[in-house]
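Working notes for the structure below.
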Amino acid sequence: MSITRIGVCTMNQFAMDFDYNLQNIIESIEICKRKQCLYRVGPELEVCGYMCEDHFLESDTVTHCWEAVSEILLHTDNIVCDIGMPVIHKSVFYNCRVILLNKKIHLIRPKIYLADDGNYRESRYFTPWSKEIEELELPTFIQKITGQKCVPIGVAILQTLDTEIGIEICEEMWIPIPTSASQALDGAEIILNSSGSHYQIGKIKERTELFKDITKRNGACYAFCNLRGCDGNRLYFDGCSCIVLNGKVLAKSDAFSLKDVEVTTCDIDLQEVRNIRINIKSRSLMASKQKHFPRIKLNINLTQQQNYIYYRDIPIQYESEVEDSIACYLWDYLRRSGASGFMLPLSGGVDSASTAISVFFMANKIFKTITTIDDDYNSHNKVLKQLRQIVQDDQFNPKSPQEIVNKIFFTVYLGTQNSSPESKYRSSLLAEQIGCQHYEVDIDEVCNACLSAIKPIVKEDPQFIVNGGTLQEDLALQNIQARSRMIVTYLLAQLTPWNNGKQGFLIVLGSSNLDESLRGFLTKYDCSSADINPIGSLSKNDLKELLDFCYNTFKFSAIKLILEAKPSPELRPLTAEGHVSEKDMELTFDELETFAKLRKVQKLGPVSLFKKLRYLWSDISPKQVAEKVKKFFKFYAINRHKVVSITASFHAQSYSCDDNRFDFRQFLYNWRWPWQFQKIDENSE
């Protein structure tokens, strides 16, 4: 049997942190050597980090990558190291893989299809490769190490003494005819894909099925290597690297882990690839017509002879992927920000409770990591050391997740005369059960002070509608309460560490959900304004599922009370209830989620969206559907400006309305939509 072993290195990278990234790369190479791997592959753009964005346009970024490579070269004896970094060739930036072996550079492989949809803007920084093999002149200080003046750059297959390897970079596997398919038809038995593939609900399963399909059709070993962690932006890269052979998943890394470095490997029998290819005659016909790729020869054997290996297909499924991804994202954000914890205004409703529970999930993930001995990676000691630095206690040794929460998480109930005793109790009970330090502050004086300041200007005291006021007065009185909460929260975030005798500051967490952001049902610069929002791309239904999972897992009684309560912002006098969110929004959360998916995922404008819903909502009349559609787009247009300044959110859904990175649209509209609404009216007849 021709057995080979590849080291697929899932790593936590941080954009522009070259020291941290280099340390992880070198550690991964040494682990590969200990695991007797002869080929080490890492994630896309691992040297500098994937999310450098406009820093990619700085020549310094490429120079620092080469400086890191000068150190990596010293660790490449008897192991092929496949490294991701940007490269400049003839004054053009390329997204590349650099192939190292025995202190030599054998190939620079540029990306040929760039990712330019959703969260990705690669063509802003890079150019896709469209040439044959050329020669790239190395930096002078690299020449001194390798003894090479020039090295080949272009798309080629690596030819070792015993097998052939194709290289694919992220987006190239998603195109209609993947690069791997062409390389496999031309003889590559192993395909290595280096990616920066972010987490999104359902994406792990979709990705895995793609690998299985590619290898089952063509016969191949496919090694997928992904980034892990928050790379400095809204995205969380889930890791979940894997090795697939002929449609079976043989090995995988943890998708949601606090390990900085993880090497996934297994023994692979390449004879099984050859056997399946010989027996698919239609494939043989296609292979005979396949365009030839240039070969780059590597003087190394990757295989050895062993007895027969039995393979078991490993299922890839995660029941708590949303909870785990937010937890890991928050941990990366906390440890890299220099903050000493989190601050959250906790109202006793679903949204703020979901944010609070996300911090508890993070603490639970930390606790599991530091109490699980990990000899291969020493991650338990690394995470504990980082936690002690954050809490500023070298002896801290938590006995439960709640003890961690108590050190790093602070919540505050910001009550007014319009707040109910029930919401106050729910907040207090949840804080007690998850272990955070909880405060209660009455902000009526703050609101009254603002009203007193403008008293010489306004003609009379504004009133709520229930007290005879107009809608303008009512909204102004609601908004001053909401905005006062933001001011008091930030004041506490700055002073709480000082008050407790600690250094640093607290990160303010937001808690506005996707539905309300899309509808604009929030006050601009209220508690939705924060430093980061863990739940901003999740719908109200997603949040209820998250809380339901928490209740079933941890049995917090406060969660049950929160789920049973009617959602209300509690900004009007209590005598006015009926003041519940769905009534005020004039649309239900289920309807908003449907609008969000059709608008963003299926790219439907007002008229097409109406035509679609006319059949999906066949239980109501076309005119009723028309009214709901027009109502949604009216509110959407009036309030779109709020999304421009809304807090950056952890990305989890394909229909997020994040204006700054994901959902690019104007923020000034003719909210009457005269042309579109006329067409809807005509169609509703």
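The values are calculated or read from the model by the stated rules, or taken from the named source; none is laboratory data. Computed from a predicted structure; not experimentally measured. The accessibility values were calculated without ligands, DNA or RNA, using every heavy atom of the protein model including side chains. Shrake-Rupley method; radii C 1.70, N 1.55, O 1.52, S 1.80 Å.
Rg/Rh for the chain to two decimals, with Rh computed the Kirkwood way over all alpha-carbon pairs. Could the numbers behind the result be given before it?
Working: Rg = 28.0 Å, Rh = 27.5 Å.
Using Cα coordinates only, the ratio equals 1.02.
Just the number please: accessible area per residue for the chain, 1.4 Å probe, all protein chains included, in Å². Walk me through the intermediate numbers first.
Details: 28430 Å² over 685 residues.
The answer is 41 Å² per residue.
Compute the projected area of the convex hull of the Cα atoms of segment 112-251, averaged over all viewing directions, and report it in nm² to one decimal place.
Details: hull surface 41.9 nm².
Mean projected area of the Cα convex hull: 10.5 nm².
What is the Cα coordinate range of segment 160-213 on the first, second and third principal axes, sorted by size from largest, in whole angstrom?
Computed over the Cα atoms, the extents are 41, 19, 16 Å.
Distances longer than 19 Å among the Cα atoms of segment 387-448: what percent of all pairs is that? Please list the in-between numbers first.
Working: 836 of 1891 pairs.
More than 19 Å apart: 44 percent of the Cα pairs in segment 387-448.
Give me Rg/Rg_expected for segment 501-589, where Rg uses Cα atoms only and Rg_expected = 2.2 N^0.38 Å with N residues. Spell out each step's value before the answer.
Details: Rg = 15.2 Å, N = 89, 2.2 N^0.38 = 12.1 Å.
Output field value: 1.25.
For Val607, Val244, what's the largest-to-smallest order of accessible area, 1.4 Å probe? It would help to have the intermediate numbers written out before the result.
Numbers: Val607 35, Val244 0 Å².
Largest accessible area first, the residues go Val607, Val244.
Under 20 °C and 1.002 mPa s, how fast does segment 193-334 diffuse according to Stokes-Einstein, given a Kirkwood radius computed over C-alpha pairs? Answer in µm²/s, whole number. Can you show the working numbers first?
Details: Rh = 17.1 Å.
Result for D is 125 µm²/s.
How large is the convex hull of the C-alpha atoms of segment 136-191 per residue, in Å³? Before the final figure, lay out the partial values.
Working: hull volume 6.0 nm³, N = 56.
Output value, Cα hull per residue: 107 Å³.
At q = 0.13 Å⁻¹, what log₁₀ I(q)/I(0) does a Debye calculation on the Cα points of segment 297-412 give, no solvent, two decimals?
With no solvent term, the Cα-only Debye profile gives -0.62.
How large is the helix-only mean residue ellipticity at 222 nm for the chain, computed as the sum of -39500 (n - 2.57) over DSSP H runs with n ≥ 4, divided by its residue count, in deg cm²/dmol to the nearest 500?
Details: 22 runs with 282 residues, N = 685.
It lands at -13000 deg cm²/dmol.
Going down the list Lys252/Lys540; Lys424/Lys555; Lys524/Lys560; Lys35/Lys368; Lys203/Lys365; Lys555/Lys600, which pairs span over 27 Å between their C-alpha atoms?
On the way: Lys252/Lys540 32 Å; Lys424/Lys555 20 Å; Lys524/Lys560 30 Å; Lys35/Lys368 25 Å; Lys203/Lys365 22 Å; Lys555/Lys600 36 Å.
Violating the 27 Å Cα-Cα cut-off are Lys252/Lys540; Lys524/Lys560; Lys555/Lys600.
Given a 1.4 Å probe and every protein chain left where it sits, what share in percent of the accessible area of the chain is carbon and sulfur? Before the final figure, lay out the partial values.
Details: 14460 of 28430 Å².
The nonpolar share, carbon plus sulfur, comes to 51 percent.
Only bridges whose two residues both fall in the chain count here: according to DSSP, what percent of them are antiparallel, nearest 5?
Details: 43 of 80 bridges.
Of the beta bridges lying entirely in the chain, close to 55 percent run antiparallel.
Over all pairs of distinct alpha carbons, what does the Kirkwood formula give as the hydrodynamic radius of segment 73-172, in Å?
For segment 73-172, the Kirkwood estimate is 14.4 Å.
If I ignore ligands, DNA and RNA and count only protein heavy atoms, how much of Met51 is accessible to a 1.4 Å probe, in Å² to the nearest 10?
20 Å²
Using just the Cα positions, wrap segment 578-623 in a convex hull and report its mean projected area in square nanometres, one decimal place. If you can, show how the numbers build up before the last one.
Values: hull surface 15.1 nm².
Orientation-averaged projected area of the Cα hull: 3.8 nm².
Heads up, I need the accessible area for Lys623: 1.4 angstrom probe, whole protein in place, Å², nearest 10.
110 Å²
Counting only the heavy atoms of the protein chains, how much of Met486 is accessible to a 1.4 Å probe, in Å² to the nearest 10?
Accessible area, nearest 10 Å²: 40 Å².
Taking Cα atoms, how many degrees apart are the long axis of helix 421-434 and the longest axis of the chain, rounded to 10 and kept between 0 and 90?
30 degrees
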